[in-house]
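The structure appears right after this line, and notes come after that.
The values are calculated or read from the model by the stated rules, or taken from the named source; none is laboratory data. Please read all numbers here as calculations on a predicted model, not as lab measurements. Cβ: placed from backbone, ideal geometry, glycine included. Neighbour counts: every protein chain shown.
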Amino acid sequence: MIKVRHVTKSYGEGDNLFTALDDVTFSVPIGASVAIVGKSGSGKSTLLHIMSGLDQPQQGEVIVDNQNILRMKRSAVDRFRSQHIGFIFQSFQGDAQDTCYQNVSLVCEIADVPPAKHHRRIMRALEDVELAEKKDQRACDLSGGEQQRLAIARAIASKPKILFADEPTGNLDSVTGKLIEDLLFRYNREKGVTLVLVTHDQDLAKRCDATIHIADGKVIETAADLDKGSKKKGAAT
């Protein structure tokens, strides 16, 4: 379970103080799919970054796998993230000049995947996103949809327990976006991986088990009682 407790994040000081998150508290059950929704500037991406260990709040706790990642040293957080968390950014964050295979390989190295398992792990991730035949193609030569699928391959190569996605379909056409959605939810369902995503797309949010509505840095509504949520059938523990 992911437990977010009384998280507050501010930027600036004095008259320029801006509170991005204000005393945010909720829990996400293992294996659930959750959408974080709200207007631009509401604090959605900031929340996702804090939940995944990419950013630090001034106050609060984030408990992941029974560990408060906000109390870890930076090196420990990075190691924890590489082994337990996958993150899909809104724009492609890999090396555009490297091949698909090389992009995924780097993730395996960072996650300390045993060298003997590298090739199999890389090819499995590329197969899962239907890019195995393009393993030797440079990322810069892929279409937008293919780059997003490669981003997902990078995120799942370490076999994370949690997958975070920031507007995963925001820059894609409706047909390609639907393919990416189906891929994410299939991975969530079949692997029992917890999926937390930020989106403006209400149709995408409705596909999730629950939604968390953020406005002015506060949770104003949830579409399900996350604290009482049960594990999805077949979810990994």
Residues satisfying the stated conditions in the range 188-202, i.e. at pLDDT below 90 and charged (D, E, K, R):
ASP201
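Hey, among the residues in the range 81-95 that are in contact with a Leu (Cβ under 9 Å, 6 or more places away or on another chain), in a loop (DSSP other than H, G, I, E, B) and surrounded by 16 or more Cβ atoms within 10 Å (Cβ to Cβ), which one's modelled with the lowest pLDDT? Outline the logic, then answer.
First, the residues of the range 81-95 that are in contact with a Leu (Cβ under 9 Å, 6 or more places away or on another chain): 81, 85-88, 92, 94-95.
Cutting the leftovers down to in a loop (DSSP other than H, G, I, E, B) gives us 92, 94-95.
From what is left, the residues that are surrounded by 16 or more Cβ atoms within 10 Å (Cβ to Cβ) are 92, 94.
Values: PHE92: 74, GLY94: 82.
In this case the residue turns out to be PHE92.
Looking at LEU195, LEU142, can you tell me which residue is buried (at least 22 other Cβ atoms within 10 Å of the Cβ) and touching a helix residue (DSSP H, G or I) at 6+ places or on another chain (Cβ under 7 Å)? Quick ask: steps written out before the conclusion?
On the way: LEU142 fails: buried (at least 22 other Cβ atoms within 10 Å of the Cβ).
Result of the check over LEU195, LEU142: LEU195.
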Hey, does the range 1-19 have a residue that's buried (at least 18 other Cβ atoms within 10 Å of the Cβ), within 13 Å of the chain's Cα centre (by Cα) and within 20 Å of ARG207 (Cβ to Cβ)?
yes
Within the range 40-59, count every residue that is more than 25 Å from GLU167 (Cα to Cα) and crowded, with 16+ Cβ neighbours inside 10 Å.
0
Does LYS134 meet the test of being closer than 29 Å to VAL37 by Cβ, touching a residue at least 24 places away in the same chain (Cβ under 8 Å) and among the charged types (D, E, K, R)?
no
Any chance PHE185 is in a strand (DSSP E or B) and either within 18 Å of SER33 (Cβ to Cβ) or at pLDDT 90 or above (or both)
no
Among (1) more than 19 Å from THR222 (Cα to Cα); (2) in contact with a helix residue (DSSP H, G or I) (Cβ under 9 Å, 6 or more places away or on another chain); (3) surrounded by 16 or more Cβ atoms within 10 Å (Cβ to Cβ) - the single one PRO29 does not satisfy:
(1)
Checklist (1) within 21 Å of HIS200 (Cα to Cα); (2) over 18 Å from the mean Cα position of the chain (by Cα); (3) among the basic types (Lys, Arg) applied to ARG71, failing item
(1)
So, in the range 60-76, of the ones that are assigned to a strand (DSSP E or B) and touching a residue at least 24 places away in the same chain (Cβ under 8 Å), which residue ends up surrounded by the most Cβ atoms within 10 Å (Cβ to Cβ)?
VAL64
